[in-house]
Amino acid sequence: MTINRTPISVQEAVGRVTTNIETLPEETVLYTESYGRILSEDLRATNDVPLFTKSAMDGFAIRASDSTGASGENRIAFKVTEEVPAGSTSDYELKENEAFRIMTGAEVPKSADAVVMFEQTKETEAGFTLRKAFKPGENIAMQGEECKTDEVIVQKGTFINPGTVATLATFGYSHVKVYRQPVVGIMSTGSELLDVDESLERGKIRNSNGPMILSQLKRMNIDGRLYKLETDDLDTLLLRVKEMLEEVDVIITTGGVSVGDYDHLPKLYEALGAKELFNKVGMRPGSVTTVSFLGSKPLFGLSGNPSACYSGFELFARPALLKMMGHDKIYAPVLEGTLGEDFKKANPFTRFIRAEVGYVDGKVHARPSGFNKSNAVTSIAKSNGVIVLPGGTRGYEKGDGIKVMMTDMTTGSDRFDI
Ligand code: AMP
Ligand code: MG
């Protein structure tokens with residue numbers, strides 16, 4: 001079979017994938033299980049926050065007007081009439097120069113409009129004296145000052161972070177509607193592949209792409225399923241992929257997309273009747289990356305070369321999966337920084353280089369994270385981003401301004417400097 005392969009740009013390829021993706025239906029989950037999911041409906045306040053006007057300090061609640069004219073030379077005396085600890089309330093009407101003793105979080109009684117901190121007073125037999133005038137509202141948190149009943153607090157399509165979980169708890173949502181997570185099947189193809197606990201033998205290698213993709217999914221809070229196929233036989237491949245399609249929403253295969261004698265993926269797509277979005281992308285590594293659809297199910301045909309497989313997942317599978325999950329920000333953060341090494345040879349295709357991204361003199365700096373060929377594995381382990389070098393007629397030099405796509409935002413710093 002001869003296949004027509006015309007490269008399209010990475011930008012175009014990513015666009016074709018994401019526009020064809022459909023968001024999955026919603027489901028309801030327990031709020032304590034919702035971290036990392038995407039909200040499928042706006043989260044609204046079920047009450048004002050604060051629910052009632054409350055004291056922001058431990059001290060005395062007064063009528064601000066009673067403190068008018070107070071100074072160091074003219075201390076004004078107040079008489080304490082009642083105590084209001086947090087959780088209690090009082091309907092007592094303050095009279096001139098009377099005060100409540102009040103604790104942080106307690107409702108400020110209607111007749112008071114300012115709170116004087118203990119530290120701003122001098123105790124007396126009947127109460128206290130103060131030396132400055134207070135304005136209405138001082139040291140008071142007003143009802144609804146943070147948000148009002150029915151206000152949208154977090155929008156549909158937002159990633160649920162620890163603060164969202166706190167918000168769910170605040171408003172009494174023990175359950176929350178989120179989009180369903182995609183079920184993803186990973187199939188590594190190749191007669192040369194061995195499992196992790198098998199001994200190496202001549203002509204064979206251990207399958208590193210399968211478990212790598214499983215972890216790339218885990219990084220996105222998605223559980224993947226590993227399927228194995230230690231053969232390059234087309235009929236077996238077809239049978240296995242049909243079985244997988246019964247069980248999963250997305251299939252990611254690695255290997256077999258090139259033009260080698262046993263690279264059957266193109267024939268597989270044809271046999272399945274899949275709609276191909278592209279089969280060649282203007283990028284290195286991974287130009288043979290193929291994406292097709294069977295109904296609403298995407299099939300990602302990633303290159304077997306580990307580095308190509310890794311960046312292929314981040315470029316195409318990641319935004320697609322985030323769209324399925326209902327995320328409203330599906331693309332990886334791209335930072336502008338300086339290049340840490342020369343890449344003098346021009347290349348017509350856009351190059352993606354696994355990189356260590358950090359800060360030098362407060363500026364983003366990216367350098368290759370190790371051996372830089374498409375079959376490299378170890379450089380992926382040391383990377384937290386991917387340098388993007390657009391194709392063209394010129395090479396790049398150390399110090400040039402470049403873009404870097406972040407793949408791992410959890411990388412820490414070796415120093416704490418704020
Ligand atoms: P292919 O895409 O099948 O032409 O494979 C390209 C290269 O990647 C070959 O050197 C394969 O041996 C290697 N390769 C394929 N699949 C894997 C895998 N699952 N893990 C590690 N290397 C692989
Ligand atoms: Mg192969």
With DNA, RNA and ligands ignored, accessible area of THR32 (1.4 Å probe; Å², nearest 10): 90
Net +/- balance of residues flanking GLU201 in space, Cβ distance below 13 Å, scoring K and R +1, D and E -1: -1
Amide hydrogen neighbours beyond the local backbone of ASN47, cut-off 5 Å, H modeled: ASP150
Filter on LYS228/LYS297; LYS323/LYS382; LYS177/LYS275; LYS177/LYS323; LYS297/LYS329; LYS54/LYS132 - keep pairs with C-alpha separation over 26 Å: LYS323/LYS382; LYS177/LYS275
Neighbourhood charge, 10 Å Cβ-Cβ cut-off, centred on SER369 and excluding it, Lys, Arg +1 and Asp, Glu -1: +2
Exposure of ILE140 as accessible area (Å², to 10), given a probe of 1.4 Å and all protein chains: 20
Region 260-347: chymotrypsin sites (Phe, Trp or Tyr not before Pro) in DSSP loop, at most 16 other beta carbons within 10 Å: TYR262, TYR331
Note, ³J(HN,Hα) from phi for region 266-281, Karplus 6.51, -1.76, 1.60, rounded to Hz, x at Gly and Pro: x, 5, 4, 4, 5, 4, 7, x, 6, 8, 8, 8, 5, 10, 7, 10
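So if I place +1 on the C-beta of Lys and Arg and -1 on the C-beta of Asp and Glu, and nothing else carries charge, what would the dipole magnitude of region 54-141 be about its Cα centre? I want it in debye, nearest 20.
That gives region 54-141 a dipole magnitude of about 240 debye.
What is the antiparallel percent of DSSP beta bridges lying wholly in the chain, to the nearest 5? Let's see the in-between values first.
Details: 56 of 83 bridges.
Antiparallel bridges make up about 65 percent of those DSSP assigns within the chain.
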Gained length - ASP42 relative to ASN74, 0.36 nm times residue gap less alpha-carbon distance: 6.1 nm
Residue-wise HN-Hα coupling along region 282-299, computed from phi with Karplus coefficients 6.51, -1.76, 1.60 (Hz; x: Gly, Pro): x, 9, 9, x, x, 4, 8, 3, 10, 10, 9, 10, 10, x, 8, 8, x, 10
Rg/Rh (Cα only; Kirkwood hydrodynamic radius) as it applies to the chain: 1.20
In sequence order, calculated HN-Hα J values of region 392-404 (Karplus, 6.51, -1.76, 1.60; Hz; x Gly/Pro): x, 9, 10, x, 10, 10, 3, x, 5, x, 9, 9, 9
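Carbon and sulfur together cover what percent of the accessible area of region 75-159 at a 1.4 Å probe radius?
Values: 2410 of 5060 Å².
That share works out to 48 percent.
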Reach of LYS148 by Cα under 19 Å, taken over aspartates and glutamates that are not fewer than 8 positions away in the same chain: GLU41, ASP42, ASP48, GLU107
Positive dipole terminus of the chain, leading residue within MET283, LEU24, MET325 (C-beta point charges): MET283
Tensor-based shape of region 334-406 (alpha-carbon gyration tensor, a/c under 1.5 rounded, otherwise prolate or oblate): oblate
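How much length would be gained if the chain were fully extended between GLU270 and ILE418, taking 0.36 nm per residue of separation minus their Cα-Cα distance, in nm to one decimal? Don't skip to the end; give the middle numbers.
Details: separation 148, 0.36 × 148 = 53.28 nm, distance 5.66 nm.
Full extension of this stretch gives 47.6 nm more.
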Probe 1.4 Å, protein heavy atoms only - accessible area per residue of region 179-336 in square angstrom: 42
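State, as an integer percentage, the relative contact order of the chain based on alpha-carbon contacts under 8 Å between residues 6 or more apart. Walk me through the numbers on the way to the answer.
Details: 935 pairs, mean separation 67.5, N = 418.
Relative CO of the chain lands at 16 percent.
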Solvent-accessible area of VAL108 with every protein chain in place, 1.4 Å probe, in Å² to the nearest 10: 10
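Per residue Cα convex hull volume for region 54-141, in cubic angstrom? Please report the intermediate quantities before stating the final value.
Working: hull volume 6.5 nm³, N = 88.
It comes to 74 Å³ per residue, whole-number rounded.
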Förster-model FRET efficiency, 30 Å R0, GLU12 and THR236, C-beta, rounded to 0.05: 0.35
Solvent-accessible ranking of THR28, THR350, largest area first, probe 1.4 Å: THR28, THR350
Formal net charge of residues neighbouring ASP261 (Cβ-Cβ distance under 14 Å; K, R +1; D, E -1): -3
Theoretical gain in end-to-end length, SER258 to ASP400 [0.36 nm per residue, Cα-Cα removed]: 47.8 nm
Signed unit charges on C-beta, dipole axis of the chain, positive-most listed residue ALA308, GLY224, GLY72: ALA308
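Only sites in a loop by DSSP and with at most 15 other Cβ atoms within 10 Å count here; which chymotrypsin sites (Phe, Trp or Tyr not before Pro) in region 36-86 make the cut? Present the calculation step by step, with values, prior to reporting the outcome.
Numbers: sites: PHE52, PHE60, PHE78; in loops: PHE52.
Within region 36-86, the qualifying chymotrypsin sites (Phe, Trp or Tyr not before Pro) (loop, at most 15 other Cβ atoms within 10 Å) are PHE52.
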Accessible area per residue in Å² at 1.4 Å probe, computed on region 54-141: 53
Cα principal axis extents for region 209-360, largest first, Å: 52, 37, 25
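Treating only the Cβ atoms of Lys and Arg (+1) and Asp and Glu (-1) as charged, compute the dipole magnitude of the chain about its Cα centre; round to the nearest 20 debye. List each step's numbers first, then the result.
Working: 48 positive and 57 negative charges, 330 e Å.
Once rounded to the nearest 20, the dipole reads 1580 debye.
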Separation between Cα centres of region 261-308 and region 78-138, rounded to whole Å: 72
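The values are calculated or read from the model by the stated rules, or taken from the named source; none is laboratory data. Since this is a predicted model, take the numbers as computed values, not measurements. Positions of Cβ are generated from backbone atoms using ideal geometry, with glycine treated the same way; all protein chains shown enter the neighbour counts. We work out accessible area using only protein heavy atoms, side chains counted, and drop any ligands, DNA or RNA first. Shrake-Rupley method; radii C 1.70, N 1.55, O 1.52, S 1.80 Å.
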